[in-house]
1. Could you give the length gained on full extension between R32 and E225, defined as 0.36 nm per residue of separation minus the Cα-Cα distance, in nm?
2. State whether segment 103-251 is rounded, prolate or oblate according to the following rule on the C-alpha gyration tensor (a ≥ b ≥ c being the square roots of its eigenvalues): a/c under 1.5 gives rounded; otherwise a/b larger than b/c gives prolate, and the remaining case gives oblate.
3. What FRET efficiency, computed as 1/(1 + (r/R0)^6) with R0 = 30 Å and r the Cβ-Cβ distance, is obtained for A259 and V137, rounded to the nearest 0.05?
4. Straight-line reach from K156: which lysines fall under 22 Å, measuring Cα to Cα and dropping same-chain residues less than 8 apart?
5. What is the log10 of I(q)/I(0) for segment 60-116, computed with the Debye formula using one identical point scatterer on each Cα and no solvent, at q = 0.18 Å⁻¹?
6. Considering the zone a paramagnetic label at E271 would reach in this model (a point 7 Å from Cα along the Cα-to-Cβ line), which residues of segment 134-160 have amide N under 14 Å from it?
7. Under the Karplus relation 6.51 cos²θ - 1.76 cosθ + 1.60, θ = phi - 60°, what is the ordered set of whole-Hz ³J(HN,Hα) values for segment 194-204, x standing for Gly and Pro?
8. Check W24: other-chain or 5+ apart residues with amide H under 5 Å from its amide H, H built from backbone geometry?
Amino acid sequence: MGEVFAGRYELVDPIGRGGAGAVWRAWDHRRRRYVAAKVLLQSDAHTLLRFVREQALRIDHPHVLAPASWAADDDKVLFTMDLVAGGSLAHVIGDYGPLPPRFVCILLDQLLSGLATVHAEGVVHRDIKPANILMDVTGTGRPHLRLSDFGISMRKGEPRLTETNYVVGTPGYFAPEQLLGAEPDFTADLFAVGLVALYLLQGRKPDSQALVEHFLTHGTPGAPEGVPEPLWQVLAGLLQPDPQARFRTATGARKALTAAVDMFPEPRPDEEPVEIFDQLGPLPPGFGPQGPTGPAGTAAPTGPVGEPATAAQSASTSAAPGVTPGAVPTPATTPVPPQQQPPQPHYQPQHPVTPATAPLAAPAAAPAPMPGPSETGSFHLPPPVGHPTPSFDRAPTSAVPYEQAPTHPYTARPVQVPAQHTAPVGAPAAPSAPAPVRRPGPPPKVTIPVLLLALVCFAVGFWALAQT
């Protein structure tokens, strides 16, 4: 039997790990169903504040996975959510590589729909990435995603829990203004949505720094190979470096996406569907579809909450194929090599991948390697520069395809300001005219008449007093 938490939730097996907690499959003895339970790994005040914020979020939307309930037991706390068994978008890319544009548009429409509801509640997610977008098990039917992990989200106007010279989130999915220390805003979430869309279309994590450099140097680039032009126009509106030039709302981006899909050609009849299948694997011994079944073989985990127990290592081996005994499966952050990737002569991503030769719709024969812990965290910003307001005003040059853009190392570069002109060494200094010094008070042309008038009034007053 597993450890029973707060007399209600029985932990079954670990299925993921985030920046502040481990996620377990758990049996809810009150509602008689399996749920996902996020158990807090740390108990410091900062982590507890984020935990309270996340568990207090209540958003009812079919494409949002928000906390449903919470419980505390001594010094341990957890909250529960619906159990989503189809893995994350990172798992889908690991199985299939680049996805068909029409399939990506369905996912993107659902993501924007859920994000519009989140933003309507005044909440900025701040950590939109493939590993935080989970999939229901739908087989070859219409996919259904859920936006999850609100651990670092915040309502606009709430006090920040991060120091002003730090940025919180996942590297590679930061909007440019975040790296300059701007306050969290909805447009930063939309920028991350555009990067997620590129990830799905290209089968690899996009180089956001090189993309921003290309936008600033050449203006809006041409559509990458394999991305339909109508869809690219929508993505370009999400990926503008200047937040004022970006889509302002998720609803506006969703309307533009719907119009773009209407211009797509009809899908080919021989196009293979993408299948979303169960990524969790079978239940460990002692548990069945209707809940705990009693001791059977190896005992269920009874170790410390938030970490797999030693006694459960043999049971967790069957939780997911390819998992090392005792290891904690987590949402994917690094995709496996994409399949049938088109050649790219000039554009070099930071993480080059080797194209595979398997067809798009056939999952890889070997299971995708399970990812490591979440990359979400706080990262130090560069020191402030003399020009505090970010400037995105660069004159665009002739359009250059995005795939031919020169790349640069990923660095948070401060805004460049013109250097002050200095005279050559040894050259005589030009005589400087003395700056005029203005004395305080009104000018003499006003002061003298006013004083004379005051003296006249003073004399008249004395004369009147003498007559009485």
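Derivation of every value follows stated rules applied to the coordinates shown; laboratory data play no part. These figures come from a predicted structure and were not determined experimentally. When we count neighbours, we look across all protein chains shown, and the Cβ atoms used for this are built from the backbone with ideal geometry, even at glycine.
1. 64.5 nm
2. oblate
3. 0.45
4. K129
5. -0.80
6. Those under the cut-off are 142-143.
7. After applying 6.51 cos²θ - 1.76 cosθ + 1.60, I find x, 5, 4, 4, 5, 4, 5, 6, 9, x, 8 Hz.
8. Correct list: I15, A37, K38, V39.
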